[in-house]
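K.L.:
Next up is a structure, given as structure tokens.
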Amino acid sequence: MRDFRKLQIWNEGIELVISTYSITNTFPKEEKFGLCSQMKRASVSIPSNIAEGCSRNSEIEFKRFLEISMGSAFELETQTIIAERLGYISMKDLNVELKSVNELQRKINSLISKIKSDL
């Protein structure tokens, strides 16, 4: 069993959650149960699935949870773009958030690739 707290991708995922919560706090009230909620859930899912994967006993299972985490990162990327197009966030905030999301996607993908090559 791995210590997820020591994984850089988990820590960066937590930072992304904090950033996402900060951004969504400025959304209109009518989005509280819509896009705002979707973005919060997707962001929380990223480090949560990394942590859950660390509890698994096989590399195959760990990889599967990393892939789920990657899917959540792509969901968050899409939802962030939607938020900008709806005028809920600025282009500057979009670029900052997407930079973080894309960097995390790259790192998760790198770990998935490493696990695949080790199997």
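K.L.:
Mind telling me which of the residues GLU52, GLU12 ends up being free of Cβ contacts under 8 Å to residues at least 24 places away in the same chain and farther than 20 Å from LEU86 by Cα?
P.N.:
GLU52
K.L.:
Another question, then. Being surrounded by 15 or more Cβ atoms within 10 Å (Cβ to Cβ), of a type in the set (Asp, Glu), at pLDDT 95 or above and on the phi < 0 side of the Ramachandran plot narrows it down to one residue among GLU77, GLU31, GLU61; which is it?
P.N.:
GLU77
K.L.:
Name the single residue, out of those in region 1-57 being of a type in the set (S, T, N, Q) and in a loop (DSSP other than H, G, I, E, B), that is nearest to LEU104 (Cα to Cα).
P.N.:
Pass one, region 1-57, residues of a type in the set (S, T, N, Q): 8, 11, 19-20, 22, 24-26, 37-38, 43, 45, 48-49, 55, 57.
With in a loop (DSSP other than H, G, I, E, B) added as a condition, the list becomes 25-26, 55, 57.
On the way: ASN25: 22, THR26: 24, SER55: 20, ASN57: 24 Å.
Filtering region 1-57 for residues that are of a type in the set (S, T, N, Q) and in a loop (DSSP other than H, G, I, E, B), the one nearest to LEU104 (Cα to Cα) comes out as SER55.
K.L.:
With the condition kept exactly as written, say whether any residue in region 39-57 is on the phi < 0 side of the Ramachandran plot, out of contact with any helix residue (DSSP H, G or I) (no Cβ under 7 Å at 6 or more places or on another chain) and modelled with pLDDT under 95.
P.N.:
First, the residues of region 39-57 that are on the phi < 0 side of the Ramachandran plot: 39-57.
Among the residues that remain, those that are also out of contact with any helix residue (DSSP H, G or I) (no Cβ under 7 Å at 6 or more places or on another chain) are: 41, 48, 55, 57.
Still in the list and also modelled with pLDDT under 95: 57.
Checked against the condition, which is being on the phi < 0 side of the Ramachandran plot, out of contact with any helix residue (DSSP H, G or I) (no Cβ under 7 Å at 6 or more places or on another chain) and modelled with pLDDT under 95, region 39-57 yields at least one hit.
K.L.:
Next question, about the same structure. So, in region 80-93, exactly how many residues are assigned to a helix (DSSP H, G or I) and surrounded by 17 or more Cβ atoms within 10 Å (Cβ to Cβ)?
P.N.:
Qualifying residue count for the region: 4.
The values are calculated or read from the model by the stated rules, or taken from the named source; none is laboratory data. These numbers come from a predicted model, not from an experiment. A quick note on method: Cβ atoms are made from the backbone with ideal geometry, for glycine too, and the neighbour counts reach across all protein chains shown.
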